[in-house]
1. So which of B:GLU46, B:GLU50, B:GLU29 is of a type in the set (D, E, K, R) and either buried (at least 18 other Cβ atoms within 10 Å of the Cβ) or within 24 Å of the chain's Cα centre (by Cα) (or both)?
2. Can you pull out the residues in the stretch A:53-69 that are within 14 Å of chain B (Cβ to nearest Cβ) and crowded, with 19+ Cβ neighbours inside 10 Å?
3. Check the stretch B:322-330 and report whether any residue there is surrounded by fewer than 22 Cβ atoms within 10 Å (Cβ to Cβ) and more than 10 Å from chain A (Cβ to nearest Cβ).
4. Looking only at the stretch C:1-45, count every residue that is more than 38 Å from the chain's Cα centre (by Cα) and either of a type in the set (Lys, Arg) or closer than 23 Å to C:LEU91 by Cβ (or both) and tell me the total.
5. Restricted to the stretch A:95-120, and to residues that are loosely packed, with under 15 Cβ neighbours inside 10 Å and away from chain B (no Cβ under 14 Å), which residue is modelled with the lowest pLDDT?
6. Within the stretch A:70-94, which residues are within 11 Å of chain B (Cβ to nearest Cβ) and part of a helix (DSSP H, G or I)?
7. Kindly indicate whether B:SER239 is part of a loop (DSSP other than H, G, I, E, B) and surrounded by 24 or more Cβ atoms within 10 Å (Cβ to Cβ).
Amino acid sequence: MAQQIINTILPDALLAQTQQLKNDGYRLAAISCTSKDDLELTYSFDKDYDLMSLRLHVTPDDAVESISGIYAFAFLYENEIRELFGAKIINISLDFNDNLYKTTVKTPFGVKKKEANDGE
Amino acid sequence: MGNRTIIPFGPQHPVLPEPIHLDLVLDDETVVEAIPSIGYIHRGLEKLVEKKDYLQYTYVAERICGICSFMHGMGYCMSVESIMGVEIPERAAFLRTMWAELSRLQSHFLWMGLLADAFGFESLFMHAWRVRERILDIFEQTTGGRVIFSVCDIGGVRKDANAQALDKILSVMDTLEAETKELTQVFLNDSSVKHRTCGLGMLSGQDAIALGAVGPMARASGVDLDMRKLGYAAYGKLSFEPVVETAGDCYARTAVRIREIFQSIDLIRQCVRLMPEGDVIVKVKGNPDGEYFTRLEQPRGEVIYYSKANGTKFLDRVRVRTPTFANIPALLETLKGCTLADVPVLILTIDPCISCTER
Amino acid sequence: MSILSITKTLFKSMFHGPYTSAYPLQKKVFFDKTRGSVKINISDCIFCGICQRRCPTGAITVEKEDRAWRIERLRCIQCSYCTEVCPKKCLAMDGQYSSPSQGSIKDEYKDARVSGDQADH
């Protein structure tokens with residue numbers, strides 16, 4: 001069975017680590033987000049059926065640099081996460097400005113506390 | 001320099017039943033750029049996991065999409081089973097594999113029909129769907145549902161197929177193979193069909209990797225990527241090789257799917273032959289705690305199921321990365337340079353499933 | 001170069017006739033396992049309410065006092081989860097689908113025997 005590794009990293013190290021993985025021949029498989037007390041971003045990469053994940057914890061106010069400069073097709077994931085969870089991902093190559101999904105509520109999957117503030 | 005026009009394509013379009021909207025920037029007849037927007041059927045099914053407990057969510061997961069419904073349920077069950085350390089009975093693994101391959105068959109037939117419809121070959125469309133009906137009948141006979149089977153459960157499968165039903169499947173496979181051979185040679189050899197698919201929407205192997213394409217889209221460009229090689233369910237015990245074509249055009253994508261139909265028929269025969277006796281479900285106790293990424297090969301490509309549990313009966317998060325989501329960037333790239341009339345055919349060759357994409 | 005390669009298939013279907021069935025005249029034969037709609041054998045029901053709690057869509061309501069079992073047919077997704085969790089196995093799947101409708105279809109089943117007993121007290 002192929003391996004699954006999850007490395008927790010600091011948000012600042014994201015770009016460097018991603019570039020490293022790209023150089024090693026990894027393919028970006030998915031970017032996932034979980035919202036609990038903060039936002040947990042998981043960048044999953046695949047090489048020869050091994051899954052390698054980078055994990056970072058951010059708050060909705062922390063700016064996260066987009067990795068779309070390294071993996072061009074990351075723009076869809078990043079737009080989705082920004083719209084549904086309210087993560088502040090900046091410098092996305094193809095920026096939809098919150099118009100990818102047509103949702104009536106802003107950041108419907110976002111952190112609960114934040115949602116209450118948004119409702120005001 | 002011709003006239004630049006922007007033509008809105010979708011979400012309601014005569015040949016494309018999927019609600020995706022594209023803004024096509026045209027230079028005369030040629031597409032220069034395509035900008036997608038989705039979200040017409042976003043139902044928030046991933047969020048529903050906080051309201052439905054992990055056993056109930058099985059039924060929600062398989063309703064993400066009507067075509068790969070079985071594999072959605074299976075992916076969700078596999079991820080929860082991996083978290084809980086549940087080992088499913090061997091017969092259940094084989095049954096799952098068999099139903100998964102039957103799902104792939106019906107999905108590919110459905111897609112063949114839609115492709116024929118997109119290039120205006122109505123009778124071919126009807127015949128592809130006629131053949132598909134045989135598979136839906138197998139589903140109804142063995143699981144009780146034609147589209148949504150509700151047969152996958154955490155710990156195994158909820159229904160067993162008896163020897164009689166398995167024999168029936170084998171005999172249907174024989175007729176199906178003959179009919180498919182007759183039908184698919186139209187797709188592969190007919191010059192009017194080839195005229196619409198050959199050389200259209202070229203995607204090189206390098207581009208396929210760089211754009212993150214998965215499934216038949218990547219395999220038609222020579223990228224050997226098939227999650228079934230991970231050996232989940234019973235795939236580890238079956239012999240098969242991923243179907244790979246190298247041309248990277250619409251014809252190659254058609255050829256990959258058609259060869260996969262014969263591969264699936266072969267895999268179903270292997271499954272029935274190797275099917276062990278025994279239970280089909282184990283009782284699951286307690287609540288899951290932990291997280292897991294499950295990857296499996298749907299008809300459209302690799303799907304990723306990420307489940308995160310916290311020890312209660314409600315999961316924290318279920319995240320589904322569907323194949324169409326991964327294939328959209330590749331689609332946008334291949335659209336550049338094609339003519340407006342070819343857009344529907346091109347979109348169909350990625351086999352889009354927007355219901356999956358938006359959840 | 002091959003043209004009209006579908007001719008063989010077309011000729012075959014010309015002689016075969018329609019592959020579809022004349023639906024209202026010719027009834028659809030359901031299989032044993034077909035999950036059409038939920039049916040209840042109300043005299044066995046103990047009104048424990050497990051089916052109500054487990055139903056993923058909340059289609060079932062059980063009232064112990066009235067000894068009534070209600071189902072909203074169009075909310076039911078025919079997953080047959082209720083038939084599996086039922087401790088008395090009084091729920092089962094029927095092959096026949098519920099009829100189409102614009103509004104909601106509510107079916108109510110009351111245990112007449114027991115309520116008759118209660119009336120005697």
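1. Going through B:GLU46, B:GLU50, B:GLU29 in turn, just one is of a type in the set (D, E, K, R) and either buried (at least 18 other Cβ atoms within 10 Å of the Cβ) or within 24 Å of the chain's Cα centre (by Cα) (or both): B:GLU46.
2. Matches in the stretch A:53-69: A:SER53, A:LEU54, A:ILE67, A:SER68.
3. For the stretch B:322-330, residues surrounded by fewer than 22 Cβ atoms within 10 Å (Cβ to Cβ) and more than 10 Å from chain A (Cβ to nearest Cβ): absent.
4. Qualifying residue count for the region: 1.
5. The qualifying residue modelled with the lowest pLDDT is A:GLU120.
6. Those that are within 11 Å of chain B (Cβ to nearest Cβ) and part of a helix (DSSP H, G or I): A:ALA74, A:PHE75, A:LEU76, A:TYR77, A:ASN79, A:GLU80, A:ILE81, A:GLU83, A:LEU84, A:PHE85.
7. no
Every residue, every condition in (1) in contact with a Leu (Cβ under 7 Å, 6 or more places away or on another chain); (2) surrounded by fewer than 16 Cβ atoms within 10 Å (Cβ to Cβ); (3) over 30 Å from B:GLU277 (Cα atoms), yes or no:
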| residue | (1), (2), (3) |
| --- | --- |
| B:GLU140 | no, no, no |
| B:PHE149 | no, no, no |
| B:CYS152 | no, no, no |
| B:MET173 | no, no, no |
| B:THR180 | no, no, yes |
| B:LYS194 | no, no, yes |
| B:LEU200 | yes, no, yes |
| B:GLY212 | yes, no, yes |
| B:VAL223 | no, no, yes |
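The values are calculated or read from the model by the stated rules, or taken from the named source; none is laboratory data. None of these values were measured; they are calculated from a predicted model. In this analysis, Cβ positions are derived from the backbone assuming ideal geometry, glycine residues included, and neighbour counts consider all displayed protein chains.
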